Amino acid sequence: MRPGAAASRGGTPSRAAGEERTLTSVAAGDRFEGERPEDLPRLWHITLSVSGEEAPLKEVRRALEQLAHDHPFLLTSRYANDHAEIRYWEEARDLHDAAAVALRLWGEHRQTAGLPPWEIVGLEVIDRQTYHQRVAEGYGPAPATPVGVHPF
């Protein structure tokens, strides 16, 4: 091996010190060899409902705003002093993965965001097509629903 070069653990030589790495991009929709369409991530619309004992409205709002900051894909949160509803998009391989992530959201962020000790009482996970179909038929949230944290 020449001075200044190192071998990676896989047995192929790595870059020499100071040598720049060439970056390549992958076009949207490109697949890796052997990857099937059902293996690719899809967008899922999540509605998570939580409730519990009353908490001061200002604290609930502040906690939901912190959650939105920590979880930037949060679209809308509505809240009262004893319940809240969170809507957002999740990217996942299938409904099971999206639901699993959604069911962990409240508990994993409870300490860091200061969320009330409420329990999850409802979860809806729908695919993007179903979401848009509902909105088009007038059943979904109004398209003009403001993004952010709002009281019920």
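One residue is enough: does region 108-116 have a residue meeting the conditions more than 10 Å from Ile46 (Cβ to Cβ), among the acidic types (Asp, Glu) and at pLDDT below 95?
yes
Filter region 33-51 for residues that are within 15 Å of Arg93 (Cα to Cα) and open to solvent by 100 Å² or more (accessible area, probe 1.4 Å); which is modelled with the highest pLDDT?
Of everything passing the filter in region 33-51, Arg42 is modelled with the highest pLDDT.
Go through (1) surrounded by fewer than 14 Cβ atoms within 10 Å (Cβ to Cβ); (2) touching a residue at least 40 places away in the same chain (Cβ under 8 Å); (3) in a helix (DSSP H, G or I) and name the single condition Gln133 misses.
(2)
Output the residue which, of all residues in region 52-80 that are part of a strand (DSSP E or B) and in contact with an Asp or Glu (Cβ under 9 Å, 6 or more places away or on another chain), is surrounded by the most Cβ atoms within 10 Å (Cβ to Cβ).
Out of the qualifying residues, it is Ser77.
Output the residue which, of all residues in region 105-120 that are charged (D, E, K, R) and outside any strand (DSSP E or B), is nearest to the chain's Cα centre (by Cα).
Glu108
Sort through Gly122, Gly148, Gly140, Gly107 and tell me the only one that's surrounded by 15 or more Cβ atoms within 10 Å (Cβ to Cβ) and in contact with a strand residue (DSSP E or B) (Cβ under 9 Å, 6 or more places away or on another chain).
Gly140
Could you give every pair whose Cβ atoms fall below 8 Å, whose first residue belongs to region 70-87 and is touching a residue at least 24 places away in the same chain (Cβ under 8 Å), and whose second residue is open to solvent by 30 Å² or more (accessible area, probe 1.4 Å) and among the basic types (Lys, Arg), counting only separations of at least 6 or pairs across chains?
Hits for this filter: Leu75/Arg87; Thr76/Arg87; Ser77/Arg87; Tyr79/Arg61; Ala84/Arg78; Glu85/Arg78.
Name every residue in region 81-98 that is open to solvent by less than 20 Å² (accessible area, probe 1.4 Å) and either assigned to a helix (DSSP H, G or I) or more than 21 Å from Ser51 (Cβ to Cβ) (or both), in order of residue number.
Across region 81-98, the qualifying residues are Ala92, Ala98.
For the list (1) among the small types (Gly, Ala, Ser); (2) exposed (fewer than 15 other Cβ atoms within 10 Å of the Cβ); (3) part of a helix (DSSP H, G or I), I need the number of the one condition that Ala102 fails.
If we test Ala102 against (1) among the small types (Gly, Ala, Ser); (2) exposed (fewer than 15 other Cβ atoms within 10 Å of the Cβ); (3) part of a helix (DSSP H, G or I), just (2) comes out false.
The values are calculated or read from the model by the stated rules, or taken from the named source; none is laboratory data. In this text the structure is predicted, and so the values were computed from the model without any measurement. Note: ideal-geometry Cβ built from the backbone for every residue, glycine included; neighbour counts use all protein chains shown. These area figures cover heavy atoms from the full protein model, side chains too; ligands, DNA and RNA do not enter into them. Shrake-Rupley method; radii C 1.70, N 1.55, O 1.52, S 1.80 Å.
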